[in-house]
Structure formats: structure tokens, C-alpha cells
Amino acid sequence: MLLNGKWAENWQPVQNKDEQGRFIRQTSSFRHWITPDGSAGPTGKGGFRAEKGRYHLYVAYICPWASRTLMARALKGLSDYISVSVVNPVLTDQGWTFGAYPDADEDKLNGAQYMHQIYTQVDPQFTGRATVPVLWDKHQHTIVNNESADILRMLGSAFDHLTGNHLDLYPEALRSEIDALNDYLYPALNNGVYQAGFASSQVAYEEAYHGVFAALDRLESQLADGRSFLLGEQLTEADIRLWVTLIRFDLAYHSLFKCNRNTLRSMPQLWAYTQRILAMEGIASTVNVDHIKAGYYSIKALNPSGIVPLGPRLD
């Protein structure tokens, strides 16, 4: 991580932990918003007006949080509006790096070798982890936001007046239900798999493991009435937030993170739901199985041999 702008230690998966060995995730640091007219959003300051070609996303295919933003970009028709750089999936002692791997990009925008250099370019005294996604402003040469939930929400509407794409991922009539699902799914499942994988005590692991499968069982039952998506026939941001975890479940969380009661493939409703969203236009381009497996299995604390499994497949 960075300490007062200096790389202080080799990258470690466990950011922090409590007295019971529970994994604690870092809070995002940059919370500005792109808005149609450049006014301030719910957090941060104004000055970030929606414009074609002005913004850039730094992402990792391995990362479910970054993949939320890629899904929103695809679904909202923003590919020509927001450019993208994909980092090398293999986690190094310097954290995320650029290039030197198939389908990974060099940082042609800022010329950085490591993701942490993007952070210190904006704040030379930055302390914390250099995470993805990062939403970058090419005009002001600064980070707009590095919180995936914010980026997902803003991409859902900020550019609609320019693109004419009015797919509503956060419809007003469903907002209370979406918020409730998000509040449940994040600790139980999205972060729950990490709580299991990075637990440093048996108690913390078992607590997270049971939470993960309680959530999956609840979702399997919820989808059993034949609905297409979590809240009916309309895809919402709750589906995006869930799906990025599901698509990685059999690839990494089942084995490497010890969430191994069963595979997702063995849960017929959730597996069909996962495949249904994967088949939507533009979504498959947000998934790179090689990057996902190479990235997770490069975590030395969990896989010191560095061996990457050949399976499973997504189909």
C-alpha cells in the first residue's frame, strides 16, 4: 500500500482485520460524481460534466467491483464515450501493473507502470491501497471516483441526454427494493466470499461461509417463480452487483476461497440466471476467464505455488 505517497510494503490481500480475524475492506477515497450539467453529486465537489471522450476507466477483469462499471458502460451504450484501460491480472508486490499480459493494456493516458502511480499523480501524499476501478477525468487530470457503487449509479443516468439510452438501472418504483437487496447482498455475498477467503481464523471463516450460502439459497428460492431478474422482468443495478460475484463463483470462490459447499452450476435457478445475463448484448465482453483465474490464483497468501487450474468453463 501507499503511505504518504510512498510504496510501503509488498501487496497483501488482507487489508485489515478485526480481533476475530474478520477481513475488513478499505473505504474508497475519491467520491466525486459526473452529472449532466457538472453540478455536485451526492458526495464530493462539482465540475465533472458528462461529455463524450472526457472520462476514462481503469479496470481489472479479475475484479468484480471494476466489472460492475464495465457492465454499466456496456448496457448504457457508453463504449464510445468512456475509454478503458485493463491492468495486468497478476497481482505483484507493487499491486496492479500495466501491460505485459495478453489483453492487458499499457497506460497510454498517463504513462504509469503501476496503478499506485495514478493515485500519487493526483495526491502525492496519498495513504491507502491503489484499487480499481478508477474513473479518471482527462480534462482535469484527476480521479473522479474510485467507488464502484458510485460509478455504477452515475453511469446509469449521467450520460442519458447525450446517448439517448434510457435503460433505467435504478427505477424509482423499485429503489427501496434495490437498496434493500444491495444492503443485504454486499456483506453476505459480494464481500462475504472475500470474508471467507481472507479469514484469518476458523470462526471468521465459518461465519462468512454460512452467510454466503444462506444468501445463495435465498436467491435460488427467489428466482424459482420464473422471474428473469431479481425484481421481476427488469434488469436493475442489484442484478449487476450480484452477477459479478456469481460469474466468478465457480472460477475462484468455490475452490480458492473455500466456499465449497457446492458449485453455482449445481444451483439450477442461479446458474440459468447467470447464463441469461451473460448472453445479454455486450456482457460477455466484460468477462475474461483467463484474467479472472490468473489474477485470483496469483495471490501468494492463498496459492503459494502459483498453479492456475485449467477448469472450469462458463458454459
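The values are calculated or read from the model by the stated rules, or taken from the named source; none is laboratory data. Computed from a predicted structure; not experimentally measured. Positions of Cβ are generated from backbone atoms using ideal geometry, with glycine treated the same way; all protein chains shown enter the neighbour counts. Note: areas computed on protein heavy atoms with side chains; ligands, DNA, RNA excluded. Shrake-Rupley method; radii C 1.70, N 1.55, O 1.52, S 1.80 Å.
Structure above, values below:
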read-out: The lone exception for Arg276 - which of (1) free of Cβ contacts under 8 Å to residues at least 60 places away in the same chain; (2) open to solvent by less than 40 Å² (accessible area, probe 1.4 Å) it fails; value: (2)
read-out: Index of the failed condition, Arg248 passing every other in (1) surrounded by fewer than 21 Cβ atoms within 10 Å (Cβ to Cβ); (2) under 20 Å from Leu230 (Cβ atoms); value: (1)
read-out: Qualifying position, being among the small types (Gly, Ala, Ser), under 28 Å from Ala284 (Cα atoms), modelled with pLDDT of 95 or more and not in a strand (DSSP E or B), among Ser67, Ser83; value: Ser67
read-out: Condition check for Gly111: modelled with pLDDT of 95 or more, open to solvent by less than 50 Å² (accessible area, probe 1.4 Å), out of contact with any helix residue (DSSP H, G or I) (no Cβ under 6 Å at 6 or more places or on another chain) and among the small types (Gly, Ala, Ser); value: no
read-out: Condition broken by Val203, with the remaining ones in (1) buried (at least 20 other Cβ atoms within 10 Å of the Cβ); (2) β-branched (Val, Ile, Thr); (3) part of a helix (DSSP H, G or I) satisfied; value: (1)
read-out: Qualifying residues in the stretch 168-200 (those that are touching a Lys or Arg at 6+ places or on another chain (Cβ under 8 Å) and either open to solvent by 60 Å² or more (accessible area, probe 1.4 Å) or of a type in the set (S, T, N, Q) (or both)) - the one farthest from Leu70 (Cα to Cα); value: Ser200
read-out: Residue satisfying all of: in the stretch 92-102; open to solvent by 20 Å² or more (accessible area, probe 1.4 Å) and under 20 Å from Ile307 (Cα atoms); nearest to the chain's Cα centre (by Cα) among these; value: Trp96
read-out: In the stretch 153-166, the residues that are of a type in the set (A, V, I, L, M, F, W, C) and open to solvent by 10 Å² or more (accessible area, probe 1.4 Å); value: Leu162
read-out: Subset of the stretch 91-108 [in contact (Cβ under 8 Å) with a residue 40 or more places away in the chain and touching a helix residue (DSSP H, G or I) at 6+ places or on another chain (Cβ under 6 Å)]; value: Gly95
read-out: Residue ID - nearest to Asp150 (Cα to Cα), chosen from residues in the stretch 70-80 that are of a type in the set (D, E, K, R) and either open to solvent by less than 20 Å² (accessible area, probe 1.4 Å) or assigned to a helix (DSSP H, G or I) (or both); value: Arg73
read-out: Residue list for the stretch 120-152, filter: open to solvent by 30 Å² or more (accessible area, probe 1.4 Å) and over 20 Å from Asp107 (Cα atoms); value: Gln125, Thr127, Glu147
read-out: Unique residue being in contact (Cβ under 8 Å) with a residue 40 or more places away in the chain and not aliphatic (A, V, I, L, M) when the list is Pro304, Pro312; value: Pro312
read-out: Every residue from the stretch 214-225 that is touching a helix residue (DSSP H, G or I) at 6+ places or on another chain (Cβ under 9 Å) and of a type outside the set (Ser, Thr, Tyr); value: Ala214, Ala215, Leu216, Arg218, Leu219, Glu220, Gln222, Leu223, Ala224
read-out: Scope the stretch 166-180; condition at pLDDT 95 or above and outside any helix (DSSP H, G or I); matching residues; value: Leu167, Asp168, Leu169, Tyr170, Pro171
read-out: Of residues in the stretch 219-245 being under 18 Å from Asn191 (Cβ atoms) and of a type in the set (Asp, Glu), the one surrounded by the most Cβ atoms within 10 Å (Cβ to Cβ); value: Glu237
read-out: From Leu242, Leu216, Leu270, Leu251, residue being within 15 Å of the chain's Cα centre (by Cα), in a helix (DSSP H, G or I), within 22 Å of Pro312 (Cα to Cα) and among the aliphatic types (A, V, I, L, M); value: Leu242
